[in-house]
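To keep things clear, I will list the structure first and then write my remarks on it.
The values are calculated or read from the model by the stated rules, or taken from the named source; none is laboratory data. Here the structure is a predicted model, which is why all the values come from computation and not from measurement. Here the Cβ positions follow ideal geometry from the backbone for every residue, glycine too, while neighbour counts run over all protein chains shown. Areas reflect the complete protein model, heavy atoms only, side chains present, ligands, DNA and RNA absent. Shrake-Rupley method; radii C 1.70, N 1.55, O 1.52, S 1.80 Å.
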Amino acid sequence: MNKHFGELHVLQDINLEVAHGEVLVVIGPSGSGKSTLCRAINRLETVDSGTIRIDGVDLPAEGRALAQLRSDVGMVFQSFNLFAHKTVLQNVTLGPIKVRGLKVADANEEAMALLDRVGVANQADKLPAQLSGGQQQRVAIARALAMHPKVMLFDEPTSALDPEMITEVLDVMVQLAKEGMTMVVVTHEMGFARKAADRVVFMADGQIVEEATPEEFFTNPRSERAQDFLSKIL
Ligand code: ADP
Ligand code: MG
């Protein structure tokens, strides 16, 4: 897969395959193309060449078929992106009602179970702004799960959070990983990577520089770029 922003070759021959149930952690310096990669997987960003395939099906470039297949990809961003004027419950039920065609009562029931799973069922009737950052991010995870995605993408889901809230979000993600969800996670949280990742990909300047198990990567990075990066964040 290749992508340019004008002169900038932001994704250079990126070739990635994520297996069913695999947890892939993407790590790398700021500006290396991690967010663009996430957005490209979801076609929130166009690519110049390459295909994106989910469960053996090519993601079409546009149109109705894209909307349908896009719902196979759950996305959680650094900024929680909840609908500010809808309650927590409505944030979670909106997609299932509109896209999956669920009846309101069924959507509510499923949403409450998901909110319970991420530990915020008691906040269901509040507006997002009334919740802490960690709670909002857990609602965002529940909202993504409500679409029954085949893969979940997380783009630095804890980097906008106060330190004391990071764990509660990572715990939910570790749990999801244990339950067998296929996940692509952009994060610098070593603890999460060691606990949950099957594989780490290190990106720099739009390229995949290194691919390894978390154990290998964090204890014995091969490339100079990765060594340099890790010496700055550890
Ligand atoms: P990361 O998430 O690894 O920090 P990004 O994918 O956000 O990196 O950005 C990769 C590079 O692409 C950066 O140099 C950034 O400035 C550039 N970039 C990102 N989005 C755009 C855009 N919409 N237009 C032009 N350049 C962009
Ligand atoms: Mg980014």
> If you check Glu189, Glu179, Glu210, Glu164, which single one turns out to be in contact with a Phe, Trp or Tyr (Cβ under 6 Å, 6 or more places away or on another chain) and acidic (Asp, Glu)?
Replying inline: Glu210
>> Being more than 12 Å from ligand 2 (Cβ to nearest atom), in a strand (DSSP E or B), open to solvent by less than 50 Å² (accessible area, probe 1.4 Å) and closer than 26 Å to Pro221 by Cα is the filter here; which residues of the range 1-16 pass it?
In response: Asn2, Leu11
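Which residues, taken from the range 17-57, are assigned to a loop (DSSP other than H, G, I, E, B), at pLDDT below 90 and surrounded by fewer than 17 Cβ atoms within 10 Å (Cβ to Cβ)?
At the first step, the residues of the range 17-57 found to be assigned to a loop (DSSP other than H, G, I, E, B) are 17-22, 28-33, 42-48, 50-52, 55-56.
Pick out the ones that are also at pLDDT below 90 and you get 17, 42-48, 50-52, 55-56.
If the condition is that a residue be assigned to a loop (DSSP other than H, G, I, E, B), at pLDDT below 90 and surrounded by fewer than 17 Cβ atoms within 10 Å (Cβ to Cβ), then Glu17, Leu44, Glu45, Thr46, Asp48, Gly50, Thr51, Asp55, Gly56 are the ones that fit.
Any residue in the range 36-45 that is hydroxyl-bearing (Ser, Thr, Tyr) and either touching a Ser or Thr at 6+ places or on another chain (Cβ under 7 Å) or within 30 Å of Gly101 (Cα to Cα) (or both)?
no
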>> Can you tell me which of (1) open to solvent by 10 Å² or more (accessible area, probe 1.4 Å); (2) in contact (Cβ under 8 Å) with a residue 40 or more places away in the chain is the one Met183 doesn't meet?
In response: (1)
>> I'd like to check something: does the range 99-118 contain any residue that is surrounded by fewer than 20 Cβ atoms within 10 Å (Cβ to Cβ), in contact (Cβ under 8 Å) with a residue 60 or more places away in the chain and of a type in the set (Gly, Ala, Ser)?
In response: no
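Does Phe218 meet the test of being over 26 Å from Arg39 (Cβ atoms) and either within 16 Å of ligand 2 (Cβ to nearest atom) or assigned to a helix (DSSP H, G or I) (or both)? Please lay out each step first, then the result.
Values: over 26 Å from Arg39 (Cβ atoms): yes; either within 16 Å of ligand 2 (Cβ to nearest atom) or assigned to a helix (DSSP H, G or I) (or both): yes.
For Phe218, the condition - over 26 Å from Arg39 (Cβ atoms) and either within 16 Å of ligand 2 (Cβ to nearest atom) or assigned to a helix (DSSP H, G or I) (or both) - is met.
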> Which condition breaks for Leu82 when tested against (1) within 16 Å of ligand 1 (Cβ to nearest atom); (2) buried (at least 18 other Cβ atoms within 10 Å of the Cβ)?
Replying inline: (1)
> Hey, any hits in the range 108-117 for a residue that's in a loop (DSSP other than H, G, I, E, B) and in contact with a Leu (Cβ under 6 Å, 6 or more places away or on another chain)?
Replying inline: no
>> Tell me whether the range 84-96 contains one or more residues that are touching a residue at least 24 places away in the same chain (Cβ under 8 Å), out of contact with any helix residue (DSSP H, G or I) (no Cβ under 8 Å at 6 or more places or on another chain), within 16 Å of ligand 2 (Cβ to nearest atom) and outside any helix (DSSP H, G or I).
In response: no
> Of (1) polar (S, T, N, Q); (2) buried (at least 20 other Cβ atoms within 10 Å of the Cβ); (3) closer than 21 Å to Pro29 by Cα, Ser223 satisfies all except one. Which?
Replying inline: (2)
